[in-house]
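Peer 1: Sending over a structure as structure tokens; questions will come in a sec.
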Amino acid sequence: MPEETDAEHRALFAALVESLPEPAWLVDSASLRIATVNRAAERLLGLERASLLGRGARSLAATPEDLAFWDQVADGGDPRIHSDTLVLRADGLPVPVTRHVTPLADGTLRWLLVTLHDRSEQRRTEAERDTVIAELRATLESTADGILVTDLVGRIQAFNRRFAQLWGLPAELLQRRDDAAIHAWMTRSVEDPQGYAKRLAAIQEATLLHSRDRLRLHSGHVLERVTLPQWSNGRPTGRVYSFRDQSEKLAADQRIEALAHTDALTGVPNRHQLTHRLAYALALARRDGTPFALLHVDLDRFRQINDSFGSGIGDRVLIETSERVLRCLREVDMLARIGGDSFVVLIHHADARGAETTARRVLEVMAQPFTFEDTPFTVTCSIGIALYPGDAMSADALLRHAEAAMRGAKEGSRGGFRFHQPRVEVDLRSRMRLDHAMRQALAQKHFRVHYQPQIDLQSGQIIGTEALLRWRDAELGEVPPAEFIPVAEESGFIVAIGEWVLDRAVRQAADWLAQGWRMPVSVNVSALQFRQPAFVDGVAAVLAAHGLPAELLELELTESILLRDADGALQRVQALAERGVRLAIDDFGTGYSSLGYLKRLPISRLKIDRSFVAGLPADASDAGIVRAVMQLAQALRLRVVAEGVETPAQRQFLRDVGCDEYQGFLYAAALDSSAFEQRLVPQLAERLQ
């Protein structure tokens, strides 16, 4: 009966263990071997019931503490324990568990009930939480912002090191974690403690407030404070303050602002600031009806300083110039550097007399010698003056007028000043319109080439022609070359015009040659066109394109072209001559002639300028010059053609002194190609008779 009772009790305990939801097994207290185990334990350990029954309890221990516990029980020690430990799975992996061992007594049998709570998921959750906390703490410490977290009543919950650094909090104060002392330190640190305290109280009262403001500390730092509510479970639990040091950014902004309005070299206002000040001056003058003046100050021959001493000395000259000019001005006036060696002075409440007084003071201080590296030198300046409201009513117009007046002063004697002259402005606008109209005329094929016959003085036959450009504009009418050619030379458009005339003239000469008329054509070349690197190749290309022999083309060059960059000019004319192109010196006698240099040039003709022909034969001076030119030409074995012959008396004089050819209204003005051909027909008929 006792055995049946023991068996019943064993079965009862086995059923009890099996019913437990968590892993459990019974250990025989005498043998310390497993007597029964439930399925939850099988799953946890990864072992089947059969392999677990009869195993020693120590075999499932995974830590020294567990082994010591079972040894203590075997020695009769306390069999009770409640602790966190590890058990080994069948695959050798430890499983974290909370283990509870309780003795059970029933009659003579003693059992130890081992129950386990699997802490694997808890451990994973804790590990994930610790990782997140570590990452958050690392993020908090790595941010450039100082972070302070408080509860709703202002008690400090957390902060990072950057917060302590920005506010200069002592380490001892931080270690005490005295919230009141920390807040007091922060209040004392700001420049406006009362405003700071008032603002902080308002923030704490408004639980959901999002705010941003700026704090200035006694240390010189400027902090941007951003405050946001802290939320937990859908309700506010505190407040997060973020502090960012704006000191460097503000300093940088101030530097950028200064650079945007100040000249980096001299420190005076730049063009941008001048524009603002000029707009203000205009508004003030319109309101009060007071005049003001603009002075455009430009240094004379400043490039020579850079070329002679280097840009470093040039910069020092500009700096000292600004300092000298500033000494001439009142506090209400303004000096601005608008670029290079150009300055503008804005003089408030100034009429013409006031502007002139200031201009003379500037000229006086600039006349004083500069000395750098023990070398004294003088830097003068030219000043242009424009007055409001007499000269213009807008800022742009005033600046433009002052600059134009300055250019007029430079074209004069330099080192002086000049007031704006309305006529000059009109001329500038007229030149701009003319330049635009020229460009349109070339694009729209409104230019045309006429040909003035060149006559042999002995035979009276046409022996050549000069190609001359003509232009009739729909609005401007017939525009004389003397009016538009200087504008084209100034703007550089003369190169395009010259290339077009050369092409048309060569093509026309080629057409005449195809008709049996061997007619040399002369084409004028400007200085700018002649200096183009590809000029010689361009002439050769035009001749080749139209199939004209080079000896039928003559290029007319002035003395100034040939004498400027003499070596380069000599190389070009020699290259042209080698290709067979003939060369003539146009307007001979009007420039400076070096006879030694002329002797080296491969030229074939001299052209006497019309200014020496006009007074013939009565003007003794003109007659003497023409005779001298003829003697020179005969010595150099050059042919001579006279321009502008309008009377028989002029023609006879030229014939008598040995001139070879002439052209002018006496025979014909410049003709279009058809009219020119009509002059050739009778001459050709005479040859055929």
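Peer 1: Determine ³J(HN,Hα), in whole Hz, for all residues of region 314-321 in sequence, where each value follows from phi through the Karplus function 6.51 cos²θ - 1.76 cosθ + 1.60 and θ = phi - 60°; x replaces Gly and Pro.
Peer 2: x, 5, 5, 5, 5, 5, 5, 4
Peer 1: Which whole-number value in Å³ per residue fits the convex hull of the alpha carbons of the chain? Working shown, then result.
Peer 2: On the way: hull volume 273.7 nm³, N = 689.
It comes to 397 Å³ per residue, whole-number rounded.
Peer 1: What does region 433-688 give for Rg and for Dmax, in Å, if only its C-alpha atoms count?
Peer 2: Expressed in Å, the Cα Rg and Dmax of region 433-688 come to 18.0, 52.
Peer 1: Semi-axes, largest first, in whole Å: what does sqrt of 5 times each Cα gyration tensor eigenvalue give for region 262-420? All intermediate terms of the calculation are to be shown ahead of the outcome.
Peer 2: Numbers: eigenvalues 146, 50, 35 Å².
For region 262-420, the ellipsoid semi-axes come out as 27, 16, 13 Å.
Peer 1: Just the number: Rg to Rh for region 203-243, Cα atoms, Kirkwood Rh, two decimals.
Peer 2: 1.10
Peer 1: Going by a ≥ b ≥ c, the root eigenvalues of the Cα gyration tensor, does region 394-480 fall in the rounded group (a/c under 1.5), the prolate group (a/b larger than b/c) or the oblate group?
Peer 2: oblate
Peer 1: Under 5 Å between amide hydrogens, which residues at least 5 positions from Glu466 or on another chain qualify, with H placed 1.01 Å from N in the peptide plane?
Peer 2: Correct list: Gln452, Gln454, Ser522.
Peer 1: Here is a further query. Through the Karplus equation 6.51 cos²θ - 1.76 cosθ + 1.60, θ set to phi - 60°, convert the phi angles of region 172-189 into ³J(HN,Hα) values in whole Hz; use x for Gly and Pro.
Peer 2: The phi angles translate into 4, 5, 5, 5, 5, 6, 8, 4, 4, 5, 5, 4, 5, 4, 5, 5, 6, 7 Hz.
Peer 1: What whole-number value in cubic angstrom gives the convex hull volume per residue for the C-alpha atoms of region 561-670?
Peer 2: Looking at region 561-670, the number lands at 105 Å³ per residue.
Peer 1: Rounded to two decimals, what is Rg over Rh for region 143-249 when you use alpha-carbon atoms and the Kirkwood radius? All intermediate terms of the calculation are to be shown ahead of the outcome.
Peer 2: Details: Rg = 13.3 Å, Rh = 14.1 Å.
The Rg/Rh ratio comes out at 0.94.
Peer 1: If you don't mind, there's one more thing I want to ask. If the reach is capped at under 17 angstrom between alpha carbons, list the lysines near Lys607, excluding any in the same chain fewer than eight residues apart.
Peer 2: Lys599
Peer 1: Can you work out ³J(HN,Hα) from phi for every residue in region 472-480, in order, using Karplus 6.51 cos²θ - 1.76 cosθ + 1.60 and θ = phi - 60°, giving whole Hz and x for Gly and Pro?
Peer 2: My calculation for region 472-480 gives 10, 9, 4, 9, 8, x, 6, 9, x Hz in order.
Peer 1: Shifting gears a bit: Once amide H atoms are built 1.01 Å from N in the peptide plane, which residues 5 or more positions from Val525, or in another chain, come under 5 Å H to H?
Peer 2: Glu556
Peer 1: Continuing with this model, one more query. When a/c is below 1.5 the answer is rounded, else prolate if a/b is larger than b/c, else oblate, so apply that to region 10-110 with a ≥ b ≥ c taken from the square roots of the Cα gyration tensor eigenvalues.
Peer 2: Oblate shape, in that a/c is at least 1.5 and b/c is the bigger or equal ratio.
Peer 1: Where does each of 376-389, 27-40 land if you order them by average Cβ count within 10 Å, highest first?
Peer 2: Details: 376-389: 20.4, 27-40: 18.6.
Descending packing order for the listed peptides: 376-389, 27-40.
Peer 1: I've got another one for you. Calculate for the chain the 222 nm mean residue ellipticity that helices alone would give, adding -39,500 (n - 2.57) per DSSP H run of length 4 or more and normalising by residue count, nearest 500 deg cm²/dmol.
Peer 2: Result for the chain, helices only: -15000 deg cm²/dmol.
Read-outs: derived from the displayed coordinates by stated rules, not from any lab. Quick caveat: nothing in here was measured; it's all calculated off a predicted structure. Methodologically, a virtual Cβ is constructed for each residue, glycine included, from the backbone with ideal geometry; neighbour enumeration extends over all protein chains shown.
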